[in-house]
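Take a look at the structure below.
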Amino acid sequence: MRNAVHRLSDPLGRLRLGLLFLLLLLSLGTVGYTLMGLSPFDAFYMTLITVSTVGFSEIGGELTTPWRMFTAGLILSGVILVAFSTASFIEAVVEGGLASYFGRRRMAQKIAEMEGHWIVCGYGRMGELVCKEILRSKNPPPVVVIDRDAERARACEEERLLVLEADATHEETLEAAGIERAYGLVSLVASDAENVYIALTARGMNARLVIVARALEDHSEKKLRRAGADKVVSPYTVGGHRLAQAVLQPVVAEFLEFAAGHDLRLEMEETVIQPGTQLVGTELRHSGLRSELDLIVLAIRRANGEMLFNPKAETRLEALDTLIALGPAHCLDRLKEWAGSANGRSQRNPSA
């Protein structure tokens, strides 16, 4: 019932409905005149000139009174349906419905050609920031936003983002966003329950997908991880820690702001060492990361999930290790080349 009301309130929906009834009217008229004794083609032709009110002479001789009543009904119905469809078409053009429809078609084609993109579910304040951070990164991957709110969807379009105005909890929506070919998904919808459902659905549709989810409640973190989320972020917990750090350890907080800044000469990035590259099997002190690239390795995450903070000089680098390094941007780019991760689409660490 709700869908029917929505169709009637939408000019494009009314246009489709009017054209459908016109098609049914042509079919009904063709069948009727066939029963009168005309051939199928003559019956269709008679129906067409009747509905269009062209006014040619009757085919098959003079009509009897019942058939003239039938013809009169076709004429009235045709006039009403043509007027209804024409008004709906004009309204769709004036309101931009047709442009929006063809815009969605073009967007669907673009998404169908994407691979290795990120899907962001929910375009609130945090979703907007996530999209901006992804797009301002080096070699930014394509981003597809899913939000069921029409106003937020329009805001995405104004930012030239690809957006689906739909419910992210539905499989067909995630499929339309190209989840089978996506690299990762960020779930930032209004409730933890919906984030859990999205993570569960997304994991079932793409086992290799990197899933990051927001948890508004502390007890939701375990549920999100069970549902398939690789990383769960609680904004209130993170914000609380940062605020406390700013009060208790202001210099540390200042350093973190410095390291995470975008307009500074130093940046902090993670890089996965790919198998068969020059860093595999070398000790950190002989790797050249410090002496040649002028980088500081803050931590190493092993493929099994073990985290080594401030690794020792004799630490041996292994395939699929994730290096967290601090240094100039151009040096970090060279590190990615050495590690075989220069394209930003490195093989995923299975424990990440």
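When each full DSSP H helix of the chain is screened for a Cα extent of at least 30 Å along its own axis and an average Kyte-Doolittle hydropathy of at least -1.0, the helices passing are 11-35, 65-95.
Give the shape of region 115-233 as rounded, prolate or oblate, defined through the alpha-carbon gyration tensor: a ≥ b ≥ c are the square roots of its eigenvalues, a/c under 1.5 means rounded, and otherwise the shape is prolate if a/b is larger than b/c and oblate if not. Note, shape of region 115-233 comes out rounded. Would the chain count as rounded, prolate or oblate if I go by the C-alpha gyration tensor, calling it rounded below 1.5 in a/c and otherwise prolate when a/b exceeds b/c, oblate otherwise? The shape class here is prolate.
Less than 5 angstrom separates the built amide H of Leu308 from those of Ile300, Arg301, Arg302, all sequence-distant by 5 or more or on a different chain. For the residue pairs Lys132/Lys336; Lys110/Lys132; Lys110/Lys138; Lys231/Lys312; Lys223/Lys312, the C-alpha atoms sit more than 30 angstrom apart in Lys223/Lys312.
Cα gyration tensor of region 265-352, axes a ≥ b ≥ c as square roots of the eigenvalues: rounded (a/c below 1.5), prolate (a/b > b/c) or oblate? Taking the square roots of the gyration eigenvalues as a ≥ b ≥ c, region 265-352 is rounded.
Sequence-distant contacts, meaning Cα pairs under 8 Å at least 6 residues apart, place the relative contact order of the chain at 10 percent.
Sequence-distant contacts, meaning Cα pairs under 8 Å at least 6 residues apart, place the relative contact order of region 265-352 at 43 percent.
I need the calculated FRET efficiency for the pair Arg285 and Phe255, taking r as the beta carbon distance and R₀ as 25 Å, to the nearest 0.05. Here the calculated transfer efficiency is 0.50. Less than 5 angstrom separates the built amide H of Val163 from those of Val145, all sequence-distant by 5 or more or on a different chain.
Kindly put Met46, Met205, Met69 in sequence by how many other C-beta atoms sit within 10 Å of each C-beta, fewest to most.
Values: Met46 24, Met205 15, Met69 11.
In order of increasing Cβ crowding within 10 Å: Met69, Met205, Met46.
For region 173-226, state which trypsin sites (Lys or Arg not before Pro) are in a DSSP loop and have at most 13 other beta carbons lying within 10 Å of their beta carbon.
On the way: sites: Arg181, Arg203, Arg208, Arg214, Lys222, Lys223, Arg225, Arg226; in loops: Arg181, Arg208.
Qualifying residues, ordered by number: Arg208.
Peptides 16-28, 317-329 ranked from most to least packed, by the mean per-residue count of other Cβ atoms within 10 Å: 317-329, 16-28.
Read the figures in this text as sums done on the coordinates, not as results from a lab. Since this is a predicted model, take the numbers as computed values, not measurements. So basically every Cβ, Gly included, is an ideal-geometry build from the backbone, and we count neighbours across all protein chains shown.
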